[in-house]
Amino acid sequence: MYRKLHSAGIFGIDAYMVEVEADISVGFPQFDIVGLPDAAVKESRDRVRSALKNSGFNFPASKITVNLAPADVKKAGSMYDLPSLLTILLASGQLKTEESLDNSAFIGELALDGTVRPINGMLSMAIEAKANKIKKFYLPEANSYEASVVEGLEIYPVKNVRQLADHLTNKIAIEPVKPPKVKDSQVFLGDFSEVRGQSVAKKALEIAAAGGHNVLMIGPPGSGKSMLAKRLPSILPSMTFEESIETTKIHSVAGLISADTHLITTRPFRSPHHTVSAAGLSGGGIIPKPGEISLAHNGVLFLDEFPEFSRQAMETLRAPIEDGKVTISRASGRLTYPCEFSLVAAMNPCPCGYFGHPKKNCICSQNAVKNYLGKISGPMLDRLDIHVEVAPVEYDDLSGKPTGEKSAEIRKRVEAARLIQTERYKTDGIKSNARLTSGLMQKYCVLTPEADMMLKNAFERMGMSARSYDRILKIARTVADLDKSEKIAVGHIAEAIQFRSFDRKYWNEL
């Protein structure tokens, strides 16, 4: 006997449909799974055999072949357990259904007692199932909330094999999950009003949020660099539905979605330790999983103690910062993950942390300071749009009452600036000033004569690179947008230069 069911597989953050076929024929008892299965798929034989017996069914004493099509695509994971078991039940005649299963899909890992366990990447699979005109999707109960976001697809939460069999034979029906109402329930790590002093650093992060720029903060220990970085998501624009879907897909593939989460609505904040490897940042594995830079997509990637990251890990960031995507090549295939994030790097000015401190003496030798700062390459430094010095906090700032603006107030200005950019670039394929190309800068970064003269003098006096020149123009464009100015004026250029000049204090003096 032969039966076929629909299922799905995952490759990167995208899904593809899989046909699970079972053939039971006369012969020596044998159970084979074919179709380029990996070790986890091959081990499905033992899980399926035990789950069948412990759910009250008989395992056929025949030659059983399960095929996963397309057969030329590598199948990975335990997600084919449930459809494999179901095709065997149907092919052996132990399960008979009145309705056609042609418009249904099945997916899930099996425990030995027949319980259906959750899998990763469910949102992507649900989206792909709908695109292929699947009407009913049977999946693990723990994944049902996540998949229910996809409209027009009936989601059936399955607890165990016995429950699914009773549903398919019209004994006890499984109620489909109702699509949730997507609410903007954002949870932040803190509010900007909690940060004492640091008006320059706050302004730098506001500009960074408004234009999608990357930031380098440098200052002594305890000056508030980490505190500022953790509050950046609270002033970023609220996520669009499309951004939430894309972010949730990435986190789902990485196995970071909890059973009670259906959609990520708060921009991610990722803060890997400085011992993270290059593969940990970019992604890796035999079948590559998303790394930290992809998990920070549409959010913030915070790299504290920046010079302590390995040179290889640091240089891994260069191409993704420019392209907004990372490509990983393996023998199993070539995967591209999106990674448009706001990078915030923080560092001390020297190993002891007090080089240039107004009140404490630095105990590092000039050579030690030079070597410490030299860990950050010129090309990497150029890619960090905004450079801001975070000064030590004064006693009066700490002891007085908080006087800073709340994040919600700053976010209004940021969203207004982003709205200007969205309208301006609606036909150019970009979303923010940070993504401006050279051609678009000539079109949109129009300077007044006075501003042009100021930029020319700064370029010649400071010995800027072409990339630094571009960064200043992009920052100035954002400052002008916050000021709701169509042209870039002297004040806008002056503020942009301020956030590209302090690095000379450290790097050029050594």
- Query: Is there any pair linking a residue in the range 481-493 that is closer than 12 Å to Met453 by Cβ to one that is surrounded by fewer than 15 Cβ atoms within 10 Å (Cβ to Cβ), with Cβ under 7 Å and at least six apart or on different chains, and which?
  - Reply: Val490/Glu450
- Task: Would you be able to tell me the number of residues in the range 221-233 that are more than 12 Å from Pro268 (Cα to Cα) and either touching a Ser or Thr at 6+ places or on another chain (Cβ under 9 Å) or open to solvent by 10 Å² or more (accessible area, probe 1.4 Å) (or both)?
- Result: 7
- If you go through the range 174-193, how many residues are out of contact with any helix residue (DSSP H, G or I) (no Cβ under 6 Å at 6 or more places or on another chain) and open to solvent by 70 Å² or more (accessible area, probe 1.4 Å)? 9
- Near pairs, Cβ below 9 angstrom, 6+ apart or cross-chain, from the range 143-159 (within 18 Å of Met79 (Cβ to Cβ) and modelled with pLDDT of 90 or more) to any residue that is open to solvent by 20 Å² or more (accessible area, probe 1.4 Å) and acidic (Asp, Glu): Tyr156/Glu175; Pro157/Glu141; Pro157/Glu175; Val158/Glu141; Lys159/Glu141
- Task: Filter the range 110-164 for residues that are over 20 Å from Arg49 (Cα atoms), open to solvent by 10 Å² or more (accessible area, probe 1.4 Å), in a strand (DSSP E or B) and not hydroxyl-bearing (Ser, Thr, Tyr) and give the result.
- Result: Lys136, Glu154, Pro157
- Task: Please specify each residue of the range 10-60 satisfying the condition of being open to solvent by less than 20 Å² (accessible area, probe 1.4 Å), in a loop (DSSP other than H, G, I, E, B) and within 13 Å of Ser84 (Cα to Cα).
- Result: Gly35
- Just to be sure, is Leu236 of a type in the set (A, V, I, L, M), out of contact with any His (no Cβ under 9 Å at 6 or more places or on another chain) and open to solvent by less than 20 Å² (accessible area, probe 1.4 Å)? yes
- So, in the range 224-266, of the ones that are closer than 16 Å to Glu206 by Cβ and out of contact with any Asp or Glu (no Cβ under 8 Å at 6 or more places or on another chain), which residue ends up modelled with the lowest pLDDT? Gly224
- Query: Taking the range 297-340 on its own, how many of its residues are in a strand (DSSP E or B), over 14 Å from the mean Cα position of the chain (by Cα) and either in contact (Cβ under 8 Å) with a residue 40 or more places away in the chain or surrounded by 15 or more Cβ atoms within 10 Å (Cβ to Cβ) (or both)?
  - Reply: 5
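The values are calculated or read from the model by the stated rules, or taken from the named source; none is laboratory data. Keep in mind the model is a prediction, meaning the values are calculated, not measured. Quick reminder, even Gly has a Cβ in these numbers, built from the backbone with ideal geometry, and neighbours come from all protein chains shown. For the accessible areas, the whole protein counts, side chains as well, though only heavy atoms, and no ligand, DNA or RNA atoms are used. Shrake-Rupley method; radii C 1.70, N 1.55, O 1.52, S 1.80 Å.
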